[in-house]
Structure formats: structure tokens, C-alpha cells
1. Of all beta bridges DSSP finds with both residues in the chain, what is the antiparallel percent, to the nearest 5?
2. Whose amide H sits under 5 Å from the amide H of MET13, counting only residues 5 or more places off or on another chain, with H placed in the peptide plane?
3. Please report, as a whole percent, how much of the solvent-accessible surface of region 62-188 comes from carbon and sulfur atoms (probe radius 1.4 Å).
4. Mean separation of Cα pairs under 8 Å and 6+ residues apart, divided by the residue count of the chain: what relative contact order is that in percent?
5. Any idea of the accessible area per residue across region 99-225, 1.4 Å probe, to the nearest Å²?
6. Could you identify which residue out of GLY90, GLY143, GLY112 has the top mean-square fluctuation in a GNM of the chain using Cα springs shorter than 10 Å?
7. Do the sum for the chain: with -39,500 (n - 2.57) for every DSSP H run of n ≥ 4, divided by all residues, what is the mean residue ellipticity at 222 nm, to the nearest 500 deg cm²/dmol?
8. ILE109's amide H: which non-local residues (gap 5+, or another chain) put their own amide H closer than 5 Å, with H modeled 1.01 Å from N in plane and none for Pro or chain starts?
Amino acid sequence: MRIDIISVVPELMRSPFEASIMKRSIEKGLVEVHFHNLRDYVTDNYRQIDDYQFGGGAGMVMMIEPIDKCISELKAARSYDEIIYMTPDGETLNQGMANSISLLKNIIILCGHYKGVDQRVRDQFITKEISIGDYVLSGGELGGIILCDSIIRLIPGVLGNETSALTDSFQDNLLAPPIYTRPADYKGWKVPEVLTSGNFPKIEAWREEQAYQHTKKRRPDLLDE
Ligand code: ADE
């Protein structure tokens, strides 16, 4: 998968790709991430990428021209499956969306900053608008990172154990059951006996029941879906 990220502050976004699973996905050649600084697409001397709102109002708006130049250059080089805009009024990211985006070949992620982008950018270029939750961040960059992490870990070969993403919370609309590792007894705090029984059908049934109870308690809305 190739991910092109457009931002005015790409330096905010680099380090998550330089560690752990996202770094390994790039090293294995499964993912390519390219950053594009919008300031490189500005023609005037002030390197201005934002301006006041027509009609008045607080907050600067990202101008269409640098974004058009950047997206058009990328689209001239290859075709894109989705051009995503990170914005608090987008569709809320969930596991189902991450699953389907992880199957795509080329995507662009445009990160808004300031008040957001000129509406014509959204009308003309954007194919999908994503929010990471009902709160407002200073820009779309951190949301873009979260989106990347949620999709990259689903790409076959990225996680060592192919099954481990399939047993994540939300994959079947259930939260994950509790997990334990050694020692089986720490200061008298014991691991549930069933997990050390070696009886795998029983372990599976216990996990399913725990996942169901955990979901019922914390996120009953998931059970309605
Ligand atoms: N930009 C600002 N807030 C955001 C949010 N909640 N999700 C995605 N992008 C954003």
C-alpha cells in the first residue's frame, strides 16, 4: 500500500513511522509512506497557505491552490483509491472502515489545519472524510497517524502472527477478553484456572463469554449493531 500524506506540519507525523509495527511494515516493503509539505506547493513569496474567511469569522482557512497543485501532481503519477480528508465533521473511524481501507492500494490523506480547508477542496478532490472522534484537535495530523496505524496493522504480513489482528477488539463487534501471561500466581493474584487447563475448547468458550460480558458492561451499543 502507498500512503501519501499532505500536511503543513509533516514533522508532527514522522516519528510514529520510525518505530515498532509501522516502521517494520515499511522495512518489509509492505507500506510506502510519502510526506508532502503544502508549503512546497506555494508560489507567492510569503509561502502563504491560509487566508481569512470570506464573510468574516474567526480562524484561517487553508487555500485551495497549494492543495490542488499537490493532489494534481500525485494524481498525474498514479491513480488513487481514496483521497481522505481528516476532519472532526467526517464519518467516525471504526474497525470496519479500517478493514476496508487496508485493502486499498494507493491513498492520499489530507490533514487539515487552522479552521480547515476551503470547501471547494472537499467538493472537488476528497472522496472520504474521516473523524477520529467527537473532539477537536489542532489539526488532522494526529488523526492521520491514528488512521494509518489502524490500517497498516491489518495489511497481511505486517503483524508477525497473521491471526492476531483478527482477535482484536471490535473485529466481531465485541471487545477483547482479558489476557494474562506468566507468572500464573503473582502475590496470590491468580490467573483464571481455565487458561492453564490445556482444554482449548473450554478456553475458547471462556474467552467468548468474557468478551460478551465485557462488551455488555462497557459498550452495550456494540451488541445492538
Ligand atoms: N482534525 C481536528 N479534529 C479532528 C478529529 N476529531 N478527527 C480528525 N481530524 C481532526
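The values are calculated or read from the model by the stated rules, or taken from the named source; none is laboratory data. Source: prediction; values computed, not measured. Heads up, the Cβs are rebuilt from the backbone with ideal geometry, glycines too, and the neighbour counts pull from every protein chain shown. SASA here: full protein model, heavy atoms, side chains in, ligands and nucleic acids out. Shrake-Rupley method; radii C 1.70, N 1.55, O 1.52, S 1.80 Å.
1. Values: 5 of 27 bridges.
Around 20 percent of the beta bridges assigned by DSSP in the chain are antiparallel ones.
2. The answer is none.
3. Working: 3540 of 6690 Å².
Answer for region 62-188: carbon and sulfur cover 53 percent of the accessible area.
4. Numbers: 318 pairs, mean separation 46.0, N = 225.
After rounding, I find 20 percent.
5. Values: 8020 Å² over 127 residues.
In whole numbers, region 99-225 has 63 Å² accessible per residue.
6. Taking springs between Cα atoms under 10 Å, the residue moving most is GLY90.
7. Numbers: 7 runs with 71 residues, N = 225.
When only DSSP H runs of four or more count, the value is -9500 deg cm²/dmol.
8. Excluding prolines and chain starts, which carry no amide H, the hits are ASP4, ILE5, ILE6, ILE84.
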